[in-house]
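This report refers to the structure that appears directly beneath it.
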Amino acid sequence: MLKPLSDLIIIDPKFDTPSRWARENKIPVIHPERNRSKSDFVAEINESLSQTLNIIYKRQEILYDNPRHPFSHLTIVIDEVLALSEGTNKNIKDSFFSLISQIALLGRATKVHLLLVSQ
């Protein structure tokens, strides 16, 4: 199980099993809320991904001076990735995929990981 090994951020666009698991394990989860548009939901996800990218950049600076610096693992779990792109504003959707790509490209050395789930 990831929880003892890594800090987790759960993104659950269907507000289903991952959300319940996160609640039971006291893990932050980003899920849709009533009376909020899909674009607003994905914009919230983008904000979290942007913060994660900033963590990566800060860790890269630390690694530049100390390549053996120990970091805790951070894993972002996104359930039903493709469900996030349906019916979402193009700019917000493009930003989402850009952030995912950057995190995937830069994250490993800084112990930031993505777990993307799709059917």
Ser101: passes all of (1) at pLDDT below 95; (2) loosely packed, with under 12 Cβ neighbours inside 10 Å but (1)
Those residues of the range 79-104 that are touching a residue at least 24 places away in the same chain (Cβ under 8 Å) and either assigned to a helix (DSSP H, G or I) or of a type in the set (Lys, Arg) (or both) come to a total of 12
Please indicate, with yes or no, whether at least one residue in the range 71-81 is surrounded by 12 or more Cβ atoms within 10 Å (Cβ to Cβ), of a type in the set (Gly, Ala, Ser) and more than 12 Å from the chain's Cα centre (by Cα). no
Checked Ser39, Ser50 against criteria (under 18 Å from Leu116 (Cα atoms), among the polar types (S, T, N, Q) and either part of a helix (DSSP H, G or I) or modelled with pLDDT under 95 (or both)); the one match is Ser50
Examine the range 39-52 for a residue that is more than 20 Å from Phe96 (Cα to Cα) and in contact with a Pro (Cβ under 9 Å, 6 or more places away or on another chain), and state whether such a residue exists. no
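The values are calculated or read from the model by the stated rules, or taken from the named source; none is laboratory data. Only a predicted model underlies this, so the values are computations on that prediction, with no experimental measurement involved. A quick note on method: Cβ atoms are made from the backbone with ideal geometry, for glycine too, and the neighbour counts reach across all protein chains shown.
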